[in-house]
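First up is the structure itself, then whatever we jot down about it.
The values are calculated or read from the model by the stated rules, or taken from the named source; none is laboratory data. Every value quoted in this text rests on a predicted model; they were computed, and no experiment measured them. Note that each Cβ is placed from the backbone with ideal geometry, even for glycine, and that neighbours are counted across all protein chains shown.
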Amino acid sequence: MLNELKGLYKISRPLTTLTGGLAVLLGGYVAGTGAWGKVILAILATWCISAAANAWNDYRDIEIDKINQPKRPLPAGLVSPKNALIFAVVITGLSILLAAFINLTAFFIALVSALLLYLYSWRLKSTVLMGNAVVAAISAMSAIFGGIAAGNPRPSLWLAAIIASAIMGREVLKTLADYEGDLRQRCRTIATVWGRRPARIVFYILASGTLVVMMVPYILDVYRPVYALIVALGVYPVLLYVLLRVTRERTGPQLEKLSQLMKYDFMIWFVAVLLGAAS
């Protein structure tokens, strides 16, 4: 029983759910309304929906993960497929219920996001860029979700634009990392359909675009100089390192590590926004 609970905790991917919750927090923070009660509800709803989507995704990808991610809870036997499915359904319902206590708009966003994430794992994941775009859009919506919960979504639009660009790039990088397993399971991704070289080029374009769009709020005087300083000294070096390391010789596990590095680097950007958007 204890091992099963540990497995469910791992299958929820705490770091991924944490970043989603932080995006909501930033959206509520830049809104500047002080409606923290509803923002906290939005964070909890986001954590639940992210955890449910991760469990559902692993449930659908058991065979692929036996090749790409054999240490994940399901292929490693830490969690049974039945319990993973029950966990996903229950947590999804909880996320929608929490959103309903915020307002009607938040309820519909949670409902549509849940449906799209399930559709992604079921159908859209095996598409060229479409599934990646869905993940990027829902990730970007997290910031807007926080703004809506706080009652002022407009300031969160800059956050959404930056998140969408960064997550889209990371999604393409993950198709490179998962190439071998996706190819064996005939999963259609940009890497398996277009080839690894075109996928790398698309990643370079998206990652380079992220470098540009991250600095736009400072250029337009939306954020204070400390934002630009943290981005330039903390975020840019890591992204540039990842760009340099994504070469033809990189293996799946190495590319996965670079993908994880991008996720950690995003934490530094969160700090930049918190300090740079402060009044």
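When you scan region 139-162, do you find a residue that is in a helix (DSSP H, G or I), of a type in the set (A, V, I, L, M) and over 23 Å from PHE270 (Cα atoms), even just one?
no
Only one residue in THR192, THR175, THR210 is at pLDDT 95 or above, of a type in the set (Ser, Thr, Tyr) and under 22 Å from the mean Cα position of the chain (by Cα), so which one is that?
Sole residue among the options that is at pLDDT 95 or above, of a type in the set (Ser, Thr, Tyr) and under 22 Å from the mean Cα position of the chain (by Cα): THR210.
Of the residues TYR179, TYR204, only one is under 30 Å from VAL273 (Cα atoms) and either touching a residue at least 12 places away in the same chain (Cβ under 8 Å) or among the hydroxyl-bearing types (Ser, Thr, Tyr) (or both); which?
None of the others qualify; the one that does is TYR204.
Listed here are the residues, each with its yes/no results for (1) acidic (Asp, Glu); (2) in contact with a helix residue (DSSP H, G or I) (Cβ under 6 Å, 6 or more places away or on another chain).
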site	(1), (2)
ARG186	no, no
ALA207	no, yes
PRO217	no, yes
LEU220	no, no
TYR223	no, yes
GLU256	yes, yes
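Restricting attention to region 31-40, report how many residues are buried (at least 19 other Cβ atoms within 10 Å of the Cβ) and under 20 Å from the mean Cα position of the chain (by Cα).
The number of residues fulfilling the criteria is 1.
Starting from residues that are within 22 Å of LYS38 (Cβ to Cβ), touching a helix residue (DSSP H, G or I) at 6+ places or on another chain (Cβ under 7 Å) and of a type outside the set (A, V, I, L, M), keep the ones in region 104-141 and report whichever is surrounded by the fewest Cβ atoms within 10 Å (Cβ to Cβ).
THR105
Which residue pairs have Cβ atoms closer than 8 Å, lie 6 or more positions apart in sequence or on different chains, and pair a first residue in region 5-24 that is at negative phi and assigned to a helix (DSSP H, G or I) with a second residue that is surrounded by 20 or more Cβ atoms within 10 Å (Cβ to Cβ) and of a type in the set (Asp, Glu)?
ILE11/ASP58
Quick one: ALA136 ticks every box in (1) over 17 Å from GLY21 (Cβ atoms); (2) small (Gly, Ala, Ser); (3) touching a residue at least 60 places away in the same chain (Cβ under 8 Å) except a single one, so which number is it?
Only one criterion is unmet by ALA136, namely (3).
Hey, can you tell me all the residues within region 221-258 that are buried (at least 18 other Cβ atoms within 10 Å of the Cβ) and under 18 Å from the mean Cα position of the chain (by Cα)?
Of everything in region 221-258, those that are buried (at least 18 other Cβ atoms within 10 Å of the Cβ) and under 18 Å from the mean Cα position of the chain (by Cα) turn out to be VAL235, LEU239, VAL242, LEU255, GLU256, LEU258.
Among the residues in region 265-272, are any crowded, with 19+ Cβ neighbours inside 10 Å, within 24 Å of ASN132 (Cβ to Cβ) and modelled with pLDDT of 95 or more?
Within region 265-272 (the criterion being crowded, with 19+ Cβ neighbours inside 10 Å, within 24 Å of ASN132 (Cβ to Cβ) and modelled with pLDDT of 95 or more), the answer is yes, since at least one residue qualifies.
Tell me, which residue of region 240-254 that is among the hydrophobic types (A, V, I, L, M, F, W, C) and out of contact with any helix residue (DSSP H, G or I) (no Cβ under 7 Å at 6 or more places or on another chain) is modelled with the highest pLDDT?
Here the residue is LEU240.
Matching residues to (1) within 30 Å of GLY32 (Cα to Cα); (2) hydroxyl-bearing (Ser, Thr, Tyr):
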residue	(1), (2)
ARG196	no, no
TYR241	no, yes
LEU244	no, no
LYS263	yes, no
